[in-house]
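A.B. asks: Let me give you the structure first, and then I'll get to my questions.
The values are calculated or read from the model by the stated rules, or taken from the named source; none is laboratory data. A quick note: this is a predicted structure, and the numbers were derived from the prediction, not measured. All Cβ positions, glycine included, derive from the backbone under ideal geometry; neighbour counts span all protein chains shown. All accessible areas refer to the heavy atoms of the entire protein, side chains included, with ligands and DNA or RNA removed. Shrake-Rupley method; radii C 1.70, N 1.55, O 1.52, S 1.80 Å.
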Amino acid sequence: MKLAFSTLGVPGLPLPDVLRLATAHGYHGVELRTHPEEPVHLGLGPGERDDVAAEFKAAGVELVGLAGYAKVAAPGDDGPVIEEVRRLVDLAHDLGAPFVRVFPGADHEQTRQRADAIAARRLGTAAEYAADMGVRILLETHDSHRAAADAIRVLGLVGHRHVGSLWDVMHTWLAGEQPSESYAALSPYLGYVQVKDIASADDTTPLPLGAGVLPLAECVEVLSRHGWDGWLCWEYEKRWYEEAAPLEGLLGAGHDHLSRLLNESA
């Protein structure tokens, strides 16, 4: 398995500084939060996109994926959602990223069946475009579909190899799933895994890896046992928790902790 971190943990940090952090602390990849607040966003022009791709190549760091904010199960017209996903796919293609992240985003007034059908329809429509661009769309275990069992209802309806899953281990844990259950459900679709740590179900302020309650060792053990060799990406939610310690000072210890878990599970 290869180690990466998300720029959600270093909000607004210029890309050269992000890449320096990755190389200094032994991370082989970076997930880019793709939002207007960030250096990399959907409004980048062709020259700017070329520059981003060149910076990653020069640093020897891989671009794991783009963490977008399209909500594929949200109520409303399909058109704007599908267009946002396609723009994410275009950006990923131009930057050389293999994955784009989308959220479920259903609201409480939708029935489960209705939300699943909307998400599957939109993802199925976008899948053909993603296939042409060589990009996979990953539905994150999050919000209305935080359990793996929720996500696979949608993914099973889509049935396209360019639509998969992003396993956020916090959300499946909050949903009451064991890592073995989450992996069993998501494994046919799994793009990569987001790891993190928190104090409790009631306090999700980000903590250094290993300092909280999330079953990271069990997650890594399950992945290792099944020979999975993709990305472990540390998503430290600094953007949403200003009081959290800066990620820059935690990256080295986080890399060491994940490396220990990998060695122990080998």
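A.B. asks: Provide a single number: the residues in segment 2-20 that are at negative phi and open to solvent by 20 Å² or more (accessible area, probe 1.4 Å).
C.D. replies: 7
A.B. asks: Tally the residues that are over 15 Å from Pro206 (Cα atoms) and crowded, with 18+ Cβ neighbours inside 10 Å, restricting the search to segment 244-266. If you could, list the steps in order and put the result at the bottom.
C.D. replies: Kept after step one, since they are over 15 Å from Pro206 (Cα atoms), are these residues of segment 244-266: 252, 255-266.
Next, from what is left, pick out any that are crowded, with 18+ Cβ neighbours inside 10 Å: 255, 257-258, 261.
The total comes to 4.
A.B. asks: If I filter segment 169-181 down to residues being part of a helix (DSSP H, G or I) and not hydrophobic (A, V, I, L, M, F, W, C), which single residue comes out as nearest to Trp240 (Cα to Cα)?
C.D. replies: Step one: filter segment 169-181 for residues part of a helix (DSSP H, G or I), giving 169-174, 179-181.
Within this subset, residues satisfying the condition of being not hydrophobic (A, V, I, L, M, F, W, C) are 171-172, 179-181.
Numbers: His171: 16, Thr172: 19, Pro179: 25, Ser180: 29, Glu181: 29 Å.
Result: His171.
A.B. asks: Then there is this: Every residue in segment 217-233 that is open to solvent by 30 Å² or more (accessible area, probe 1.4 Å) and aliphatic (A, V, I, L, M), please.
C.D. replies: Of all residues in segment 217-233, those open to solvent by 30 Å² or more (accessible area, probe 1.4 Å) come to 217-218, 221, 224-229.
Across segment 217-233, the qualifying residue is only Ala217.
A.B. asks: Can you pull out the residues in segment 182-216 that are surrounded by fewer than 21 Cβ atoms within 10 Å (Cβ to Cβ), among the small types (Gly, Ala, Ser) and part of a strand (DSSP E or B)?
C.D. replies: Ala199, Ser200
A.B. asks: Still on this structure: Is there any pair linking a residue in segment 211-224 that is among the small types (Gly, Ala, Ser) to one that is part of a loop (DSSP other than H, G, I, E, B) and surrounded by fewer than 17 Cβ atoms within 10 Å (Cβ to Cβ), with Cβ under 8 Å and at least six apart or on different chains, and which?
C.D. replies: Once the first residue is among the small types (Gly, Ala, Ser) and sits in segment 211-224, its partners that are part of a loop (DSSP other than H, G, I, E, B) and surrounded by fewer than 17 Cβ atoms within 10 Å (Cβ to Cβ) give Ser224/Ala266.
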